[in-house]
Amino acid sequence: MLTLIPGPSVLLVIGQSLTRGKRAAVMCIMGDVIGSIVLMGLSFAGVGAILAASATLFQIVKWTGVIYLAWLGYRQIAEARQTPTTDTDATTKPAEANQPHSAWRSFWAGTITAILNPKAIIFYMALLAQFINPQAGLAAQLVILTLTSSLVVMVLLTGYALLAARAGQIFQSRQAQKRIGYAGGTFMIGGSVLMATTR
């Protein structure tokens, strides 16, 4: 249920799915999962406690993530502004969306956005620790918790991506694609605002 609530990563995946298609969304989801695994490792290592104790360090990580996600949204809107409004080839996606380096950009966007969310580190430390039995083997429990959490995140983000992709397929005109580009960028900026305002 907590993962289902839209956060920065959800808004980023929706933005990627709307503007760059399913492949970019899948890469973004994989990046987010990798970033989440890194965060869980950091949480288990005690970094969450350090961030919770140091307000300054927490704010540095937080605002780095806010600025990065806002920059991604700005770039998406800037690209949408350059999209032609004629319908000469309405079914063609922007060329960049089909290039391998664009898919990897989506992967790294998902990874970095996940890692630069300090609240997620503290969340993992506070929530997952409640499922650990100190009398049992720690390593096996950490592996199970990491895999379970990653699977939940992957399934829910995929659901959001598919819904966004379906919505994007309905609007095939160049003018609609331009507006979808604006919407995708707005979702990313919205994620940065959410990250900035949530305590």
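The values are calculated or read from the model by the stated rules, or taken from the named source; none is laboratory data. All of these numbers come straight from a predicted model, not from anything done at the bench. For neighbour counting, all protein chains shown are included, and Cβ atoms are generated from backbone atoms with ideal geometry for every residue, glycine included. Side chains included, ligands, DNA and RNA excluded: accessible areas come from the protein's heavy atoms. Shrake-Rupley method; radii C 1.70, N 1.55, O 1.52, S 1.80 Å.
Details
- Extension gain (nm, one decimal) between Met1 and Leu194, 0.36 nm per residue minus Cα-Cα: 67.7 nm
- Ordered from largest to smallest accessible area (heavy atoms of protein chains, 1.4 Å probe), the residues Leu69, Leu42 come out as Leu42, Leu69.
- Between Ala129 and Val155, the C-beta separation translates, for a Förster distance of 25 Å, into a calculated FRET efficiency of about 0.60.
- Between Leu147 and Thr56, the distance separating the two model label sites (each 7 Å from Cα on the Cα→Cβ line) works out to 4.2 nm.
- Listed values for segment 51-59 are Karplus-derived 3J(HN,Hα) couplings in whole Hz (6.51 cos²θ - 1.76 cosθ + 1.60, θ = phi - 60°), namely 5, 5, 7, 10, 4, 5, 4, 4, 5, and x replaces Gly and Pro.
- About its Cα centre, segment 4-84 has a charge dipole of approximately 240 debye under the convention of +1 per Lys or Arg Cβ and -1 per Asp or Glu Cβ, with nothing else charged.
- Computed from label points 7 Å out along Cα-Cβ, the spacing between Trp108 and Leu163 is 3.1 nm.
- Ranked by how many other beta carbons lie within 10 Å on average, peptides 52-65, 144-157, 3-16 from highest: 3-16, 144-157, 52-65
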